[in-house]
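K.L.:
Structure provided below as structure tokens; questions to follow.
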Amino acid sequence: MREGTIVEGRGGLYTVRDGAGTDYVLRAKKKFRRQNLTPLVGDRVCFLPGSLEEHGWLEEILPRTFQGLRPPVANVSLLVVVLAPEPAPDLLLADKLLVTAFGQGITPLIAVNKQELDAGLAPRMRVAYAPAGVPVLAVSAATGEGLDALSQALSGHLSCFAGQSGAGKSTLISRLTGRELASGAISPRIRRGRQTTRHITLIEERGLRVLDTPGFSLLETPDDLEPQQLARHYPEFEAYLGQCRFDPCLHDREPGCAVAEAVSRGALDAGRVERYRELLAQTKEKWSTRYD
Ligand SMILES: Nc1nc2c(ncn2[C@@H]2O[C@H](COP(=O)(O)OP(=O)(O)O)[C@@H](O)[C@H]2O)c(=O)[nH]1
Ligand SMILES: [Mg+2]
Ligand SMILES: [Zn+2]
């Protein structure tokens, strides 16, 4: 039996790459369907190669460190949240992505792209996200600035890029991996009537392993997140645990809230906490209608 990683899945056939970089086209054993287990791009698998024109068989899926439904991928370990001065950064989306990353045990990183258009955005983001321990890299796919540092940050990870449309995710992935991806106004989706499908590939180039998907852009805050739990996905709140007057405190304008106090001292970013309250309201709403 050999081991490899699923780099592509299409029409029930899976392309699996072994350690030597050789690709094998495999079909999944029927037992996976019985187990309700779908092989995903990113999965580490055991397989038997085929012979001549015969496809081989995907025999075993090794335990996953992470599994995402949208996009359907396994074992992502780094989430690159891409922001840019243009289009105007949607920081609520960025914070949702960070909640998702922290909730799933994925390391997040913020890349502020189009640095050459406004060099001021990255330092502002650095100040806002430093208390959460999220690194902020200033990059430009256009000028190449910061791409070496970004490349270094990606090394050793299976990475996924996420963020609003137009921020430069596809352009960055192309620049970093040397692979041409659809970018610009043309949608990379294959349209089949009303149903849109997105084909996901794992790109392995220049020592990087990157998924060519817009990444968790479709993710809302998890449907089953208890409002109480949201604050757990804000690492910068940890320092204030147990210091609020009320216990538990949702840090939602309760009197004597240590988080609010930290904002007024300038120790926490006001915008980030304001958006936390917005997400909290959304989480409460979802929680109260979870059985509807
Ligand atoms: N000025 C500037 N434009 C960029 C940069 N990176 C990407 N773009 C442009 O931004 C637009 C959106 O890029 P794209 O990669 O498609 O964004 P995506 O939707 O996040 O994948 C395209 O017109 C790119 O050429 C950059 O660093 N500077
Ligand atoms: Mg794109
Ligand atoms: Zn509080």
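The values are calculated or read from the model by the stated rules, or taken from the named source; none is laboratory data. No experiment lies behind these values; they were computed from the predicted model shown. Don't worry about glycine lacking a Cβ; one is built from the backbone with ideal geometry, like all the others, and counts go over all protein chains shown.
K.L.:
Taking the conditions exactly as written (of a type outside the set (D, E, K, R), at pLDDT below 95 and not assigned by TED's automatic domain parsing to the domain that holds residue 274), does residue 97 satisfy them or not?
P.N.:
yes
K.L.:
Has segment 216-227 got at least one residue that is away from ligand 2 (no atom under 16 Å from the Cβ), within 20 Å of residue 129 (Cα to Cα), modelled with pLDDT of 95 or more and assigned to a loop (DSSP other than H, G, I, E, B)?
P.N.:
No - not one qualifying residue is present in segment 216-227.
K.L.:
Condition (residue is touching a Phe, Trp or Tyr at 6+ places or on another chain (Cβ under 6 Å), of a type in the set (A, V, I, L, M, F, W, C) and part of a loop (DSSP other than H, G, I, E, B)) applied to segment 48-70: is it met by at least one residue?
P.N.:
No, the conditions are met nowhere in segment 48-70.
Yes/no matrix, rows are residues, columns are (1) out of contact with any His (no Cβ under 8 Å at 6 or more places or on another chain); (2) within 10 Å of ligand 1 (Cβ to nearest atom):
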site: 103; (1), (2): no, no
site: 106; (1), (2): yes, no
site: 109; (1), (2): yes, no
site: 115; (1), (2): yes, yes
site: 142; (1), (2): yes, yes
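K.L.:
Can you find a residue in segment 117-134 that is of a type in the set (Val, Ile, Thr), within 15 Å of the chain's Cα centre (by Cα) and crowded, with 18+ Cβ neighbours inside 10 Å?
P.N.:
yes
K.L.:
If you don't mind, there's one more thing I want to ask. Has segment 183-198 got any residue that is at pLDDT 85 or above, more than 8 Å from ligand 1 (Cβ to nearest atom) and either within 21 Å of residue 75 (Cα to Cα) or buried (at least 16 other Cβ atoms within 10 Å of the Cβ) (or both)?
P.N.:
No, segment 183-198 contains no residue that is at pLDDT 85 or above, more than 8 Å from ligand 1 (Cβ to nearest atom) and either within 21 Å of residue 75 (Cα to Cα) or buried (at least 16 other Cβ atoms within 10 Å of the Cβ) (or both).
K.L.:
Could you say which residue among 289, 283 is surrounded by 17 or more Cβ atoms within 10 Å (Cβ to Cβ) and modelled with pLDDT under 95?
P.N.:
From the options 289, 283, the qualifying one is 283.
K.L.:
Looking at segment 239-283, which of its residues are over 19 Å from residue 97 (Cα atoms) and assigned to a helix (DSSP H, G or I)?
P.N.:
Within segment 239-283, 239, 240, 258, 259, 260, 261, 262, 263, 264, 265 meet the criteria.
K.L.:
Report, by residue number, each residue of segment 131-178 that is touching a strand residue (DSSP E or B) at 6+ places or on another chain (Cβ under 8 Å), over 20 Å from residue 204 (Cβ atoms) and assigned to a helix (DSSP H, G or I).
P.N.:
Passing the criteria: only 149.
K.L.:
All but one of (1) free of Cβ contacts under 8 Å to residues at least 12 places away in the same chain; (2) assigned to a helix (DSSP H, G or I) hold for residue 36; state the number of the condition that does not hold.
P.N.:
Condition not satisfied by residue 36: (2).
K.L.:
Give me the pairs: first residue in segment 17-29 and of a type in the set (Val, Ile, Thr), second residue surrounded by fewer than 17 Cβ atoms within 10 Å (Cβ to Cβ), beta-carbon distance under 9 Å, and six or more apart or on different chains, which are they?
P.N.:
Final answer for the pair search is 25/13; 25/50; 25/55.
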